[in-house]
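Take a look at the structure below.
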């Protein structure tokens, strides 16, 4: 790869990151605007939603790391582990829509769930069609989204913060 071909690829990548950041900021602003008009909610997160969420997230963290950074890819262990991880992530993403402790409604953190539900099928399609580089990049994005959602879930006032720190 020459310096001439590397620059457009890097520019396109930076453009994608900037567009994604703008979309996320717009969604946060929209959520805040909607929240200001709707007022408080009496919704209570059901206990089963938290239990399912933690039961799927906790194993997904180490399994995802193992799948992404193990040296051997594409073997039976990778395929089986990947299917288990994808199932855990899909259940986690769907279940997250019942967890609405702070806002009483869907909040900006739920964007990670929507992205997961969109990106996982794309990543699987990439792998099945031999686009392994795109598969890897997409799966890394979903995994880092899981880490980011976990980070934001630890914010004071969130359910996970209350469970861990009282």
Those residues of the stretch 119-135 which are free of Cβ contacts under 8 Å to residues at least 12 places away in the same chain and within 15 Å of the chain's Cα centre (by Cα), in sequence order
121
Considering each residue of the stretch 129-153, count those that are in contact with a helix residue (DSSP H, G or I) (Cβ under 6 Å, 6 or more places away or on another chain) and under 30 Å from residue 47 (Cβ atoms), and give that number.
6
Being modelled with pLDDT of 80 or more and either surrounded by fewer than 17 Cβ atoms within 10 Å (Cβ to Cβ) or part of a helix (DSSP H, G or I) (or both) narrows it down to one residue among 157, 141; which is it?
141
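The values are calculated or read from the model by the stated rules, or taken from the named source; none is laboratory data. The structure displayed is predicted, hence computed values, not measured ones. Heads up, the Cβs are rebuilt from the backbone with ideal geometry, glycines too, and the neighbour counts pull from every protein chain shown.
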